[in-house]
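Laboratory data are not the source of any read-out in this text; all were calculated from the coordinates shown. Because the structure is predicted, anything quoted here is derived from the model rather than measured.
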Amino acid sequence: MHALFGLGNPGSEYDGTRHNIGFSIVDALCEEFSIRLRPGKGDYLVGTASYRGTECCLVKPLTYMNNSGIAVQDVVGRQRLRLEDILIMCDDFQLPLGKLRTRPGGSDGGHNGLYSVMVHLGTHNFPRLRCGIAGPPEMPARKSEMAKFVLTVFTRNELPVVHQMVNRARDAALTFLSEGLTTAMNKFNTSV
């Protein structure tokens, strides 16, 4: 069993925001699999599917971004998942808009959702797929303004790149399921 976690914030007021790109990827995967998410046994939505012989669950934590690790830890524990069989999908304000970066581990990069996952899993060694949301001139110069920035919606001009990025991230997640992390990294850690 594998698990694909899309990080974001629940509630319609967060729909379409930069911080909810993880939710958008899970939505794209649900469409690909023709499934709907349902309430899980914890504070998250979950759905199950099979892709090229690999069983997986898709998860949207409902704990809000800063507490994403609670839901991740719950699913990992309930399903008895190995850390190498999970993929955390989230935004990254340090990457240019549209760029994907898949890694087997690393720091939180200033991302509170990733930090929460690290705290609750007790390690930084788990696969993650980070999606670039930065785009000048909208990027704030001061870090103190970043929390507001990540909760803004994408501009009309950015939406075509965002749509393409979500589709590429969906494909990267599918590659992770069928061919493994290294292949996903080699195929999708490129410039847009």
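Key figures for this structure:
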quantity	calculated
Residue among 49, 172, 71 with the largest mean-square fluctuation in a Gaussian network model of the chain, springs linking Cα atoms under 10 Å	49
Among 93, 33, 176: highest mean-square fluctuation, GNM of the chain, C-alpha pairs under 10 Å	33
Extension reserve of the residue 186-residue 50 stretch, reckoned as 0.36 nm per residue once the Cα distance is removed	46.6 nm
0 to 90° range, to nearest 10: angle between helix 112-121 axis and the chain longest Cα axis	30 degrees
Spatially close lysines, pair count over the chain: Cα under 24 Å, gap of eight or more or interchain	6
Global form of segment 72-178, assessed from the alpha-carbon gyration tensor, a/c cut-off 1.5	oblate
Per-q log10 I(q)/I(0), the chain, q = 0.09, 0.13 Å⁻¹ (Debye; single scatterer per alpha-carbon; no solvent)	-0.28, -0.60
